Amino acid sequence: MKIEEKLSLLNYKTDKSYAHITINPDICSTCPDHFCVFACPANCYTLINGKLNFKYEDCVECGTCDIACSHGSVKWTLPKGDNGVIYKYG
Amino acid sequence: MSEFDVAVIGAGPAGSSAAIRLAQNGMNVLLVERGDPPGTKNVSGAVLWGNELAKVVPDWERSAPVERYVTRKEVAFLTEKSKIAISFSSEELQNSKSGKIIVRGKFDQWLAKKAKDAGAMLVTGVTVDRLAIDNGKVIGIQQDNDVITADAVVVAEGANPRVLINSGLRPKLSDRDVALGIKETIKLPENVINERFNVDSKSGFASEFVLGFLDDGLLSGGFLYTNKDTVSLGIVASLDRLRANGVTHSYDIMGKFEEHPFIKNLIKDGIPDEYAAHLVPEGGISSMPKLYGNGYLVAGDAAAFTFSNGMVLQGINYAITSGILAADTIIENRNNINENTLAKYVDKLRESYVLSDLYNFNGIQNVTWSDFVQKSLPTLAESVMMSLFDEKGMPKKHLRQIVTDAMKSGHMKYSDLITNGYRVIKRM
């Protein structure tokens, strides 16, 4: 089963007005390792033609990317209110 | 005059246990949880070991959503082609009901309801940003510019302690503080689980795995627990090894675990129903934040109270106990909350098994996350077992010769085996 299919099993209450994680594209464009791409279990960070693409909508709020990024690009906060992933089993 | 005697951040096992104890003792408690309902933001294996829950919910067995009791426990080393396992079943383990397999989505909701029943005010769907601090004293909790005041705050926010970090009360987490846990819940009919794992409808199987078959320097542990009609399957991966590897995606480790021949068979025909990920505190006492301050206490995962020696993974029991001890400290000093009185929380933790376990097994992560335990030992064992059990119509060698040959082919020296073996025994 591909990661995309696994993520499609999840329920989210997406907050369109607030991206709880943001990145600094200037830092990402010169990043030597892009460890976020390999660390994120929800495939929120991908490289498209060598350029970092980030989407917060699939985030499972684990906090791994905040630790993974040692270059200061990731700005990590929790979603506001009860937005974000909703686990059934957890 | 504060709005609440105590504000508790997080309705997981630590927070809800604290809230129950506080409310039972007449305190005016606010329990704030960002998940709605509680449990929808939490991820865990999950086995609750021990009977700590009885201290706050004496008749828990009548209503707690327990999936199954652990009646068979395994620790297994997976190499590419083999599984070497220690399997333990015991009537005594069965009767003591020491291990309770739970689904946190149901369990956390149930425990939070107990806190509400005890008199705590439960507020869900609210994310706390930071502690409200005035003149060095914690005076409550804060979201945006809203402050709710409380005489004391119990921080039980879990493995990713944003409130503590945002409040400047602990540094950001590093690769060594936490590992990444990924879990899948897979649907299987109850009768299939019973047959496949050789259990009945009340009894359950819990197994931890050492995933030595992973290549490219990756280190990871795995787990499998049987729920009522689902199976919890997951991995806990070392972040610094994943970083050093630099080419493997974390979710591919989970994929490799699922595809391992001995796991694939166990989840055959199962329908994946949920994918989840969470940080797992792994650093032990070296990752522990300051456990108290002027007006606040830290409990559960936020305090790094988890423990794994490779044989057992524990945390929910520490969460419950630390929540209760935090509550007791506040109750005993209710008219005089300050840094000195709250410091007694640490004494209580030291007297209990929580800090004793963590200090006793200090440094265990250097053993469980070592190449020796993860790779060398399983490979050696595999080679010895194959020589012992694979009958090829040849004259048999003595065990000592088999071990020597296996070590030679694995480029291992006797001195390495003895030194590393001593380290393992000493720390475990």
TODO: Those residues that are more than 10 Å from chain B (Cβ to nearest Cβ) and in a loop (DSSP other than H, G, I, E, B), I need them from segment A:33-58; list them, please.
DONE: A:Cys44, A:Asn49, A:Gly50, A:Lys55, A:Tyr56, A:Glu57, A:Asp58
Open item on the list: Here is a check on your reading of the model: is A:Ser8 among the small types (Gly, Ala, Ser), modelled with pLDDT of 95 or more and over 27 Å from B:Leu164 (Cα atoms)?
Closed with: yes
TODO: Could you figure out which of (1) without any contact (Cβ under 8 Å) to a residue 12 or more places away in the chain; (2) within 11 Å of the chain's Cα centre (by Cα); (3) within 25 Å of B:Ile186 (Cα to Cα) isn't true of A:Thr46?
DONE: (3)
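Residue-by-condition table, conditions (1) basic (Lys, Arg); (2) under 18 Å from the mean Cα position of the chain (by Cα):
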residue	(1), (2)
B:Lys41	yes, yes
B:Asn51	no, yes
B:Ala64	no, no
B:Glu74	no, yes
B:Trp110	no, no
B:Ala115	no, no
- [ ] Could you check how many residues of segment A:73-90 are modelled with pLDDT of 95 or more, open to solvent by less than 60 Å² (accessible area, probe 1.4 Å), touching a helix residue (DSSP H, G or I) at 6+ places or on another chain (Cβ under 7 Å) and not in a strand (DSSP E or B)?
- [x] 5
TODO: Please specify each residue of segment B:364-399 satisfying the condition of being without any contact (Cβ under 8 Å) to a residue 40 or more places away in the chain and crowded, with 17+ Cβ neighbours inside 10 Å.
DONE: B:Leu380, B:Ser383, B:Val384, B:Ser387
Task: Out of B:Ala18, B:Ala54, sole residue that is surrounded by 24 or more Cβ atoms within 10 Å (Cβ to Cβ), at pLDDT 95 or above and away from chain A (no Cβ under 14 Å) - done: B:Ala18
Task: Answer from A:Asn43, A:Asn49 - the residue that is open to solvent by 30 Å² or more (accessible area, probe 1.4 Å), polar (S, T, N, Q) and on the phi > 0 side of the Ramachandran plot - done: A:Asn49
TODO: Determine which single condition B:Gly105 fails, assuming it passes every other condition in (1) within 26 Å of B:Ser2 (Cα to Cα); (2) within 13 Å of chain A (Cβ to nearest Cβ).
DONE: (1)
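Is there a residue in segment B:390-401 that is under 29 Å from the mean Cα position of the chain (by Cα) and either at pLDDT 90 or above or in a helix (DSSP H, G or I) (or both)?
Within segment B:390-401, not a single residue is under 29 Å from the mean Cα position of the chain (by Cα) and either at pLDDT 90 or above or in a helix (DSSP H, G or I) (or both).
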- [ ] Take the residues in segment B:215-238 that are over 19 Å from B:Lys73 (Cα atoms) and surrounded by fewer than 24 Cβ atoms within 10 Å (Cβ to Cβ), then tell me which one is farthest from the other protein chains (Cβ to nearest Cβ).
- [x] B:Asp215
TODO: For segment B:185-202, state whether one or more residues are within 14 Å of chain A (Cβ to nearest Cβ), outside any loop (DSSP other than H, G, I, E, B), open to solvent by less than 20 Å² (accessible area, probe 1.4 Å) and in contact with a Gly (Cβ under 9 Å, 6 or more places away or on another chain).
DONE: yes
Open item on the list: When you scan segment B:208-226, do you find a residue that is part of a strand (DSSP E or B), assigned by TED's automatic domain parsing to the domain that holds B:Asp252 and farther than 30 Å from A:Ala68 by Cβ, even just one?
Closed with: yes
Task: Residues (away from chain A (no Cβ under 11 Å) and farther than 17 Å from B:Ile193 by Cα) located in segment B:239-277 - done: B:Arg241, B:Lys256, B:Phe257, B:His260, B:Pro261
Open item on the list: Looking only at residues that are in contact with a strand residue (DSSP E or B) (Cβ under 9 Å, 6 or more places away or on another chain) and in contact (Cβ under 8 Å) with a residue 60 or more places away in the chain in segment B:347-363, which one is surrounded by the fewest Cβ atoms within 10 Å (Cβ to Cβ)?
Closed with: B:Phe361
TODO: Within segment B:157-184, work out how many residues are aliphatic (A, V, I, L, M) and open to solvent by 10 Å² or more (accessible area, probe 1.4 Å).
DONE: 3
Open item on the list: When you scan segment B:46-57, do you find a residue that is closer than 30 Å to A:Thr14 by Cβ, assigned by TED's automatic domain parsing to the domain that holds B:Ala150 and not in a helix (DSSP H, G or I), even just one?
Closed with: yes
Task: Flag for B:Ile316 being under 26 Å from B:Lys41 (Cα atoms), out of contact with any Lys or Arg (no Cβ under 7 Å at 6 or more places or on another chain) and open to solvent by 20 Å² or more (accessible area, probe 1.4 Å) - done: no
Open item on the list: Is it the case, given these coordinates, that B:Gly119 is surrounded by 18 or more Cβ atoms within 10 Å (Cβ to Cβ) and under 22 Å from B:Ser322 (Cβ atoms)?
Closed with: no
Open item on the list: Report every pair of residues separated by at least 6 positions or lying on different chains whose Cβ atoms are under 7 Å apart, first residue within segment B:290-306 and within 15 Å of B:Leu131 (Cα to Cα) and open to solvent by less than 10 Å² (accessible area, probe 1.4 Å), second basic (Lys, Arg) and not in a helix (DSSP H, G or I).
Closed with: B:Gly295/B:Lys137
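The rows are residues; the columns are (1) within 14 Å of another protein chain (Cβ to nearest Cβ); (2) farther than 24 Å from B:Gly315 by Cα.
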site: B:Thr124; (1), (2): yes, no
site: B:Val128; (1), (2): yes, no
site: B:Leu131; (1), (2): no, yes
site: B:Lys137; (1), (2): no, yes
site: B:Gln143; (1), (2): yes, yes
site: B:Asp146; (1), (2): yes, yes
site: B:Thr149; (1), (2): no, yes
site: B:Val153; (1), (2): no, no
site: B:Glu157; (1), (2): yes, no
- [ ] State whether the residues of segment B:76-97 include one that is among the hydroxyl-bearing types (Ser, Thr, Tyr) and in the same structural domain as B:Ala304 (by TED's automatic domain parsing).
- [x] no
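Where in segment B:228-346 are there helices (runs of 4 or more DSSP H), lying fully within it, with 3 or more residues that are farther than 20 Å from A:Pro41 by Cα?
B:261-264, B:316-332, B:339-342
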TODO: Give A:Asp82, A:Asp66, A:Asp58 a once-over and let me know the one that is acidic (Asp, Glu) and over 11 Å from the mean Cα position of the chain (by Cα).
DONE: A:Asp82
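The values are calculated or read from the model by the stated rules, or taken from the named source; none is laboratory data. What you see is a predicted model, and the numbers here were worked out from it, not measured in a lab. Reconstructed Cβ throughout: ideal geometry from the backbone, glycine too, with neighbour counts over all protein chains shown. Surface areas here come from the heavy atoms of the whole protein model, side chains and all, with no ligands, DNA or RNA. Shrake-Rupley method; radii C 1.70, N 1.55, O 1.52, S 1.80 Å.
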